[in-house]
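Below: one structure, written as structure tokens.
The values are calculated or read from the model by the stated rules, or taken from the named source; none is laboratory data. Not measured: the values here are computed from a predicted model. Neighbour counts run over all protein chains shown; Cβ positions are idealised from the backbone, glycine included. For accessibility, only protein heavy atoms count, side chains too; no ligands or nucleic acids. Shrake-Rupley method; radii C 1.70, N 1.55, O 1.52, S 1.80 Å.
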Amino acid sequence: MTDSAKPPGRFEIFNTLGRAVQQFVPRTEGVVQLYACGPTVYDYATIGNFRTFILVDVLRRTLDALGYQVRHVMNITDVGHLASDADEGEDKMLAGARREGRTVWDIAQFYTDRFFADADALNILRPDVVAKATDHIDDMIALIRRLEAHGFTYVAGGNVFFDVARFSRYGELALLDRQQLQAGARISVDRSKRNPEDFGLWFTRSKFEDQAMIWDSPWGRGYPGWHIECSAMAMRYLAEQFDIHCGGIDLIPVHHTNEIAQAEAALGIEANDPQRWVNYWCHGEFLLVNGAKMSKSKGNWVTIGQLQEDGYDALDYRYFVLGAHYRAHQNFTMRALDAARAARAGLVSRVAALARAAGIDAPGAVADGGHAHPAANEALAHAAHDLAMPRVLARLWQLVKSDSDDPECTLRAVAAIDRVLGLKLLQSAASALADDTRSDPDVDALVRERDEARRRRDFARADAIRTQLAAQGIELRDAATGTVWQRAAALPERDR
């Protein structure tokens, strides 16, 4: 969408740290260092999880389209952490292993593979670096040692904790009240902690027997706390202070709050320092299912694989997600997914029709040349203002519905817009064309007759032919170059 010779375009994003839409200014001109919290691989990722990963993907695509050089790092949590972010509950990896009768290592690998299979089906770009927690224990230990040297840790009950009372800005991201935190310290769930908000950095005293994932450390054989892994791996693969950190809104009050505390404490960032560990925090809102929070106990736990088994394409779900702003609650229903599937099929049909009109048999190979097209520029401007994907979709629909004297130019604009949306519209149109029987003498004859009737202004006959063809599953589109036709998109068996 942009000329590589030009400086990157203006980008604005809602920064959770400050609760306002702010102009993005990278630490290094033209370069974006981006970290996103990845999956905990003890079970299948849900469609709610993937709403957040699609957010990260469109953020990355938008920055790329604006001309930035993006370095994207994502972690894989393949070492157990507890069901509660506050170091409580049962170990997720152990629970998964017990549920399936496999080792925790097998569980981690299986669900890592499944996560990426689902991500690929959703056309989510792979991060530049995928960092598994179990490969970076030494980095976590080194970061804990730095905190220890600065006086931010203490050992209690055999475990190493971060002392939040030593960090003056604790809770700033989540707008936590400092006085309330201090008052709450008198009532502690874990009596070995000085304050209830103190969090584990390293555990040598596990709450569970036969803990499988343990390593040697200066504090004894054990395993890391969950929060330390993201800080350690982000600081290894990005600069120690970087640009954007992403995740779901549920991570704000504990996980991301604790990440900031331990990272800024280790780096010695003072309260009045304008350059933070991370300058911009981007969070996606919850996905509801039939108006309720998703949970297995409610029976509304939905995965991408389940949608595919029901005959949907993963890209139908991606289209659904793009239909709402990432900072708004979104309610998933099967009716809404059906509407998204029909809309995506309609887009693909129109793109295929443009390809026919342009005489292009392989639209998937059409290059992104839309930077000179006003529709592409307008769509990118919407994306650049806090990732307004519903507006990007609306501008795309306006483009494909309009008559075009240059369908090839329009296709290039579609390619440019889809560079941000990631719906694979041209590739899908190519598949539709390949599946379609383009040479049908009977249909072609009726289309020619209809064109002649319209030239004679015999609109009754033209309408009758359109109705006749529609009954055969043939859709017509009146373009400047004449009438083009296509077969209506097929629906899964249960919807016919």
Cβ crowding within 10 Å averaged over residues, with 148-154, 227-233 ranked highest first: 227-233, 148-154
Pairs of Cα atoms under 8 Å, at least six residues apart: use those to get the relative contact order of segment 441-487, whole percent. 28 percent
For segment 215-369, the Cα gyration tensor yields equivalent-ellipsoid semi-axes (√(5λ), largest first, whole Å) of 41, 23, 16
Going residue by residue through segment 195-200, the Karplus relation 6.51 cos²θ - 1.76 cosθ + 1.60 with θ = phi - 60° gives ³J(HN,Hα) values, rounded to whole Hz and with x marking Gly or Pro, of 9, x, 7, 4, 10, x
With all protein chains in place and a 1.4 Å probe, residue 467 shows an accessible area in Å² (nearest 10) of 90 Å²
Is the C-alpha gyration tensor of segment 304-436 telling us rounded, prolate or oblate? Criteria: a/c under 1.5 is rounded; beyond that, a/b larger than b/c is prolate, otherwise oblate. oblate
Rounded to the nearest 10 Å², what accessible area does residue 298 have for a 1.4 Å probe in the complete protein model? 130 Å²
Show me the three semi-axes of the equivalent ellipsoid for segment 441-487, from the C-alpha gyration tensor (sqrt of 5 times each eigenvalue), largest first, rounded to whole Å. 15, 12, 9
Rel. contact order, % - alpha carbon contacts under 8 angstrom, at least six apart, segment 304-436: 32 percent
What are the residues whose amide H is under 5 Å from the amide H of residue 217, where those residues sit 5 or more places off or on another chain and H is modelled from the backbone? 222
Ranked highest first by average number of other Cβ atoms within 10 Å, how do 136-145, 39-48 line up? 39-48, 136-145
